[in-house]
Amino acid sequence: MSEKILEVRGLYKSFGDLQVLQNINFSVQQNEVVCLIGASGSGKSTLLRCLNFLEIMDSGEVILQGKQVNPNKDRLNKIRQNIGMVFQQFNLFPHKTVIENVTEAPIHIKKVKKKQAEEDGEALLRKVGLREKAYEYPSRLSGGQQQRVAIARALAMKPEVMLFDEPTSALDPELVGEVLQTIKTLAKEGMTMVVVTHEMGFAREVADRVVYMHEGKIVEEGSPLEIFEDPKEERTKLFLRSML
Ligand code: ADP
Ligand code: MG
């Protein structure tokens, strides 16, 4: 049976008076690709951020590889090593080369030897098609290339699961494809992933499961076929129509 890598139960989160997430129960299994869809403001980013404790939830529990995370006791750095995250804005270190961006965390957080980290980093850059850019600075790369470096950087920590928050939303249209292709390759290799995306074609093709959120709640989830061809909820139908 498939094993749940990451799970959240009974998650509530508000910002002041604004209830942003209400009783979210969500999990991702080993090797599963979950696409999270929903209108802007529905709480997708906040959900991802709660999963790796970039936001503190009001209530609820996160279970990582079968163990409940206690944010007061467990070292969050350790937790985050297991949960890679890629943001809409790539957030590379501008004053570091590509390879330095990729090896920074393994060297300083995981205490991997520099030479080993560089070998691993070069292999990851090869995987995302950027081996030849290892010694460039980020400003010399296109947005699509920078995002692929950000993906390599997250992978360098050998996470159990990768969270992508609209990884292509900040890109010019002609650069979206190369980043989606990189994520697709990871999916084929069995990487466990949660991908927040507005790219419905991508979700349909790559997701094992699609989760639709509206106003801080999960409205419906199912296989891409179920969600895109035969949605049950009126809300889901309205949303999908708005995405055409
Ligand atoms: P999505 O990613 O689906 O667009 P978000 O999770 O970013 O949605 O936001 C959900 C809601 O929470 C929105 O109404 C947003 O304005 C609000 N929100 C998000 N972050 C904060 C914050 N740090 N402070 C106050 N409100 C926030
Ligand atoms: Mg968002």
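Can you pull out the residues in region 3-25 that are within 19 Å of Leu64 (Cα to Cα) and either open to solvent by less than 10 Å² (accessible area, probe 1.4 Å) or within 7 Å of ligand 1 (Cβ to nearest atom) (or both)?
Ile5, Leu6, Val8, Leu11, Ile24
Considering only region 210-222, state which residues are open to solvent by 40 Å² or more (accessible area, probe 1.4 Å) and either in a loop (DSSP other than H, G, I, E, B) or closer than 30 Å to Glu189 by Cβ (or both).
Glu215, Ile218, Glu221
For region 22-63: of the residues being in contact with a helix residue (DSSP H, G or I) (Cβ under 8 Å, 6 or more places away or on another chain) and at positive phi, which is nearest to ligand 2 (Cβ to nearest atom)?
Selected residue: Gly38.
Hey, does region 36-47 have a residue that's in a loop (DSSP other than H, G, I, E, B), touching a Leu at 6+ places or on another chain (Cβ under 7 Å) and at pLDDT 95 or above?
yes
What's the total number of residues in region 169-209 that are part of a loop (DSSP other than H, G, I, E, B) and either away from ligand 2 (no atom under 16 Å from the Cβ) or polar (S, T, N, Q) (or both)?
8
Identify the residue in region 157-209 that is among the small types (Gly, Ala, Ser) and over 21 Å from Ile79 (Cα atoms) and, among all such residues, is surrounded by the fewest Cβ atoms within 10 Å (Cβ to Cβ).
Gly201
Quick one: would you say Val112 is open to solvent by less than 10 Å² (accessible area, probe 1.4 Å) and either away from ligand 2 (no atom under 15 Å from the Cβ) or under 21 Å from Lys13 (Cα atoms) (or both)?
no
Provide a single number: the residues in region 128-163 that are within 30 Å of Thr46 (Cα to Cα) and either of a type in the set (Phe, Trp, Tyr) or within 18 Å of the chain's Cα centre (by Cα) (or both).
Looking only at that region, the number is 22.
Are any residues in region 117-138 touching a residue at least 40 places away in the same chain (Cβ under 8 Å), out of contact with any Pro (no Cβ under 6 Å at 6 or more places or on another chain) and part of a helix (DSSP H, G or I), and if so, which ones?
Correct list: Lys127 only.
The values are calculated or read from the model by the stated rules, or taken from the named source; none is laboratory data. Note that the structure is predicted; figures quoted are calculated from it, not measured. With ideal geometry, Cβ positions are generated from the backbone for all residues, glycine too; neighbour counts draw on all protein chains shown. Accessible surface areas use protein heavy atoms only, side chains included; no ligands, DNA or RNA. Shrake-Rupley method; radii C 1.70, N 1.55, O 1.52, S 1.80 Å.
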